[in-house]
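Student: Sharing a structure with you now.
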Amino acid sequence: MPRWSRWATNDDGSAALEFITVGVILLVPLVYLIVALGVIQEQTLGVEAAARHTARVVALAPDAATAEARSQRVLAGIIDEYGLAADAVEVSMTCSPAGAECPSAGSTIIVTIGTRVGLPLMPPIFGLDRAVAIPVEASAVQKVSRLWGDG
């Protein structure tokens with residue numbers, strides 16, 4: 001039997017190498033997925049908290065000027081705490097019944113806040129970071145007192 005054929009059929013130690021190779025190939029995407037989902041979850045919780053607290057602050061404020069000032073402070077604090085991109089946060093507030101001044105006494109306010117979550121490790125080349133960003137949005141509803149603005 002030739003010497004080279006015995007060497008070619010000897011696969012001692014190759015199982016460990018195969019395990020490490022396949023493990024790395026599977027582990028890297030799994031770790032990236034966990035990190036990406038964590039970032040998305042953090043931003044989703046931030047948007048939900050911003051909508052809820054903003055609606056509550058507006059509904060509990062004594063008048064429109066105070067509601068505006070307090071809602072801006074609450075939104076700035078949540079943006080800072082959850083690491084939201086301040087320039088990407090979009091805020092809208094509507095009131096029910098339609099046509100009423102927003103906010104007004106006895107109305108129901110609906111605060112909707114949205115943003116886009118950039119995936120980790122996406123380079124800003126050719127706008128790739130914006131192209132793969134995931135939109136998240138949350139809404140909160142709060143009833144305004146019938147006596148709002150009287151005090």
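The values are calculated or read from the model by the stated rules, or taken from the named source; none is laboratory data. Nothing here was measured: the structure is a model prediction, and the numbers come from that model. Every residue, glycine as well, gets a Cβ built from its backbone with ideal geometry; the counts of neighbours run over all protein chains shown.
Student: Among the residues of the stretch 90-107, which ones are surrounded by 17 or more Cβ atoms within 10 Å (Cβ to Cβ) and hydroxyl-bearing (Ser, Thr, Tyr)?
Tutor: If the condition is that a residue be surrounded by 17 or more Cβ atoms within 10 Å (Cβ to Cβ) and hydroxyl-bearing (Ser, Thr, Tyr), then SER107 is the only one that fits.
Student: Considering each residue of the stretch 54-66, count those that are in contact (Cβ under 8 Å) with a residue 40 or more places away in the chain and part of a helix (DSSP H, G or I), and give that number.
Tutor: 6
Student: Of these, ARG146, ARG130, ARG116, which one is of a type in the set (D, E, K, R) and either assigned to a strand (DSSP E or B) or buried (at least 18 other Cβ atoms within 10 Å of the Cβ) (or both)?
Tutor: ARG116
Student: Within the stretch 52-60, is even one residue surrounded by fewer than 18 Cβ atoms within 10 Å (Cβ to Cβ) and either within 29 Å of LEU147 (Cα to Cα) or modelled with pLDDT of 90 or more (or both)?
Tutor: There is at least one residue in the stretch 52-60 that is surrounded by fewer than 18 Cβ atoms within 10 Å (Cβ to Cβ) and either within 29 Å of LEU147 (Cα to Cα) or modelled with pLDDT of 90 or more (or both).
Student: Can I ask one more? Assuming LEU121 fulfils every condition listed in (1) in a helix (DSSP H, G or I); (2) among the hydrophobic types (A, V, I, L, M, F, W, C); (3) farther than 19 Å from VAL141 by Cβ; (4) in contact (Cβ under 8 Å) with a residue 60 or more places away in the chain apart from one, which condition is it?
Tutor: Every condition holds for LEU121 apart from (1).
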